[in-house]
Amino acid sequence: MPTPSPLFRFADFQPGQRFRSAPRRVEVEEILAFARDYDPQPFHLDEQAGRASLFGGLAASGWHTAAIAMRLNVDGGLPVAGGIVGSAIDELRWPAPVRPGDTLTAENEVLEVIPSTTRPGQGRVRAACRLVNQDGAVVLSFIATLVVRG
């Protein structure tokens, strides 16, 4: 198991910093379980229905993919002291499907550090997040605005 990254407070963040999570493999059972509970569309629940869809095979729900990104970021992909508290998500995209057996990694880059005008020592951090598979294909991207304490 990798050594956890140190947790960053607001003053530790600088534009251009990059963070990368540990990889995580996605199994067919979790794709089916998430779909049954939260996004029960045929192409997320059945390989044959997936082949007949625009996905061309079983594909994880985009919301499942977003949940995986959150987990990877919490586990070390974006080391925010006090937890990752988001105030906005912009430009959410799913450019490629997640398939059973894919191994995903979260990559983050700090775009902007915005001090609070009312709370000294804290503020907002805007970060670009990409979730990439084992082939380097981007399967999810977004820009997060996070509230970060001092």
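Which value in nm describes the separation of the simple spin-label points at residue 45 and residue 93, placed 7 Å from the Cα toward the beta carbon?
Label-label distance for residue 45 and residue 93, simple model: 3.1 nm.
Full extension from residue 145 to residue 29: what is 0.36 nm times the residue separation minus their Cα-Cα distance, to one decimal in nm?
38.6 nm
Using only Cα atoms, locate the centre of segment 2-41 and the centre of segment 81-111, then give the distance between them in Å, rounded to an integer.
Spelled out, the Cα-based centre of one part sits 7 Å from the other.
So how long is each side of segment 107-150 along the principal axes, counting just the alpha-carbon atoms, biggest first, in Å?
In descending order, the Cα extents are 44, 14, 11 Å.
If you fit an axis through the alpha-carbon atoms of helix 28-38 and take the longest principal axis of the Cα set of the chain, what angle between them do you get, 0 to 90°, nearest 10?
Result, in degrees: 80.
Hey, could you pull the Cα Rg and Dmax for segment 42-104, both in Å?
14.4, 45
As a check on your grasp of the helix formula, calculate [θ] at 222 nm for the chain: sum -39500 (n - 2.57) over DSSP H runs of n ≥ 4, divide by the residue count, round to the nearest 500.
Here the helix-only value at 222 nm equals -5500 deg cm²/dmol.
To the nearest 10 degrees, how steeply does helix 62-72 sit against the main Cα axis of the chain, on a 0 to 90 scale?
The angle comes out at about 40 degrees.
Where in segment 6-32 does the amide nitrogen come within less than 12 Å of the point 7 Å from the Cα of residue 128, taken along Cα to Cβ?
16-18
On the first, second and third principal axes, largest extent first, how far apart are the outermost C-alpha atoms of segment 17-59 in Å?
41, 22, 15
Since every read-out is calculated from the coordinates, none of them should be taken as a lab result. Remember, it's a predicted structure, so these values are computed and weren't measured experimentally. All Cβ positions, even for glycine, are placed from backbone atoms using ideal geometry, and neighbour counts span all protein chains on display.
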